[in-house]
Each structure stands twice: as C-alpha cells, then as structure tokens.
Amino acid sequence: MIVALLAACLLAGCGSQPSRVGSAALVGDQAIPVSTVEQRFDAVVRDRPRLREQLEQQGREDDLARQIAAFTVRQKLADVAAGRQNLHVSEQEVTEWVQQQGGPEAATEGTIFTPAEVRSVARSLLLMRELGSKHLSNTSVVFDYTSATSRAEAKRKAQRMARGPEQAAELIREDKADGGSAGSGRELSAANSPSFAARTPLFAAEPGTVLAFPGPGQRSAGQWLVARITERHTGNGEGQSDTPSLGRQGAQLTQAFGARLLGLTAQRVGVELSPRYGVWDPLELTAAPEKGQTTGFRIPEGSSLS
C-alpha cells in the first residue's frame with residue numbers, strides 16, 4: 001500500500017511544489033525561507049540599537065518584519081522578470097551605483113537594510129530600472145472603468161466587473177445613467193505620462209484583470225477607480241533606453257515603473273505570503289497587516305474575491 005501511494009504521489013508530482021513550512025513567502029515555484037527575513041531583521045536592529053528601542057516602545061517590530069519580507073519578495077520577482085526577459089546588471093554597474101550614493105553606509109542610511117546588504121539591494125533596484133527602461137516607452141493599456149466612493153463599494157463593483165465583459169458593460173451603463181464617472185475603451189500610454197505610469201498599477205495587469213484602488217492620498221475614503229483591463233500592448237523593448245525627455249528624473253521614473261511592472265510578474269507566477277507577515281498586497285506589492293488594509297483589489301479574469 002505504501003509503495004503504491006508513493007508511486008501515485010510521484011506520478012502526481014507530489015513534492016514538486018515549494019514547501020510552505022519554514023517559508024516567509026512563495027514566489028511561483030521558489031520559496032523564500034523565514035530565516036532569510038529573520039537574518040535581515042536581526043542585522044538591521046543589531047546595526048541600529050536606537051531603531052530597536054523605538055520599535056519596541058511603539059510596538060512596531062512586526063512592521064519592520066513586514067517591510068523586509070515584502071522587499072525580499074520584490075527582489076525575487078525582479079530576478080524572475082530579469083530571467084524571463086534576459087535582463088542583466090553587471091558587478092561594475094552595482095559598484096557604480098553604490099559609489100553614486102556615497103558608499104554602503106550612505107546608501108543604506110535611513111533604510112531597512114545594512115551596509116553589508118547594499119550590493120544585493122542595488123542589484124535589485126538596477127534590475128527594476130532595466131525592466132522599466134525596456135518598457136516605459138512602448139507600453140499602453142485600454143480599459144473600461146467606473147468609480148466608487150468607499151472600499152466596500154469598490155469591492156462590490158470590482159467583483160461584478162470581474163464576472164465578464166457583459167457584466168462590466170452593464171455596470172458602466174448604470175453608473176453613467178446615474179451621473180457617475182464611468183466609461184469604456186479608455187487608452188493610456190506610459191510614455192505620455194511617465195510620472196502617472198510609475199504611480200498606478202494599470203500598466204501591470206493581464207487583460208481581463210479588474211483593479212480597484214483609491215486616488216492619490218485617498219486610501220481610506222474619497223474616489224476609487226474600478227477598472228477592467230481589456231487590452232495591454234508592449235513592444236519587445238530592444239534597443240530602448242531611458243526616455244530622453246525624462247531628463248534628470250529618468251532613472252528614478254524608470255526604476256519606479258519597473259517596480260510597478262513586477263505586479264504583472266507577481267500575477268503571472270503567483271505570490272503567497274506567510275500569515276506571520278500579514279497578507280500580500282497585490283497592488284502595492286507589499287505586506288499589509290490584514291486583508292482590510294491592502295491598498296485595493298486585483299481580480300484576475302475568472303477569479304473572485306473571498
């Protein structure tokens with residue numbers, strides 16, 4: 001019986017998935033060990049005794065752990081995206097970046113990392129810049145949209161739009177008839193508004209995905225956008241570099257846009273965060289203490305929210 005069960009398990013691929021036991025997060029088929037996050041946490045509080053005192057006094061040790069876990073996930077996503085798109089960052093580029101920041105200590109001052117980690121962090125940030133540089137000038141999306149004035153209303157509308165194009169169209173008609181802000185076939189190009197592109201998740205979602213998120217500075221109230229991506233276009237990015245018109249802000253904007261695009265990689269491969277660090281926020285690509293504190297909703301086509 002045991003032999004038969006083992007054989008069946010092997011045929012079914014048992015053991016081929018990363019283990020949740022001892023994992024801070026799963027990124028696709030790759031696990032991030034809890035020990036990795038714990039080592040980073042211990043290193044930063046050991047390096048900055050005053051920070052430890054402040055965290056303990058304010059009861060915010062969990063906040064730091066969540067930040068470290070989230071950035072570690074983004075690092076893994078950057079590696080996955082780089083591997084899929086043949087992006088590379090040389091050791092010389094990493095060295096130059098660190099020097100531009102004034103050295104390891106200056107580069108990590110006021111951050112959640114220690115000087116010993118600066119090259120690892122620099123490499124990830126530079127990969128995000130490469131990703132953004134490759135796609136900022138050639139990515140556009142078309143989407144249908146409506147609005148909401150609360151998180152609960154945004155969630156209801158997002159769930160309805162996620163049922164399919166017919167339901168989305170019906171909702172938009174109803175909201176427009178009621179005088180609400182709604183429409184269909186809206187097209188946006190990242191190159192036309194790089195600053196906006198770097199701040200929104202609209203460019204980092206598969207067609208059919210519904211996104212719901214508040215406007216800038218309105219996380220708990222105000223106006224929410226509920227959008228269903230109908231088309232997403234992007235070139236191969238060959239021969240692309242930082243868009244000249246971005247000027248001095250070019251590197252920052254392309255890095256920020258590349259970081260946003262990791263949301264698309266996360267949607268494609270899947271991210272699962274250990275409950276010890278809260279829940280994964282699929283829009284801001286960070287960790288939130290609980291479901292009700294994520295920045296919004298992302299519902300892939302054919303899925304639903306619990």
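The values are calculated or read from the model by the stated rules, or taken from the named source; none is laboratory data. Given the structure is predicted, the values throughout are model-derived calculations rather than measurements. Glycine gets a Cβ as well: all are built from the backbone with ideal geometry, and neighbour counts include every protein chain shown.
For this structure, a couple of remarks:
- The set of residues in the stretch 186-209 that are in contact with a strand residue (DSSP E or B) (Cβ under 6 Å, 6 or more places away or on another chain) and either among the hydroxyl-bearing types (S, T, Y) or farther than 30 Å from G270 by Cβ (or both) comprises S189, T209.
- Condition met for E130 (modelled with pLDDT of 95 or more and surrounded by fewer than 15 Cβ atoms within 10 Å (Cβ to Cβ)): no
- Flag for V98 being of a type outside the set (S, T, Y), crowded, with 18+ Cβ neighbours inside 10 Å and under 28 Å from L264 (Cβ atoms): no
- Once the stretch 108-124 is narrowed to residues that are part of a loop (DSSP other than H, G, I, E, B) and in contact (Cβ under 8 Å) with a residue 60 or more places away in the chain, the residue that is farthest from V73 (Cα to Cα) is T114.
Let's see how each residue does on (1) among the hydroxyl-bearing types (S, T, Y); (2) part of a helix (DSSP H, G or I):
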| residue | (1), (2) |
| --- | --- |
| T36 | yes, yes |
| R46 | no, yes |
| Q54 | no, yes |
| D63 | no, yes |
| R66 | no, yes |
| A69 | no, yes |
| R74 | no, yes |
| D79 | no, yes |
| L87 | no, no |
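- Check on Q85, under 24 Å from P289 (Cα atoms) and either of a type in the set (S, T, N, Q) or free of Cβ contacts under 8 Å to residues at least 12 places away in the same chain (or both): no
- The single residue among R219, R248, R228 that is at pLDDT 95 or above and over 21 Å from N138 (Cβ atoms) turns out to be R228.
- Any chance G208 is surrounded by fewer than 22 Cβ atoms within 10 Å (Cβ to Cβ) and without any contact (Cβ under 8 Å) to a residue 40 or more places away in the chain: no
- The residue that is surrounded by the most Cβ atoms within 10 Å (Cβ to Cβ), counting only those in the stretch 287-306 that are within 17 Å of A168 (Cβ to Cβ) and charged (D, E, K, R), is R298.
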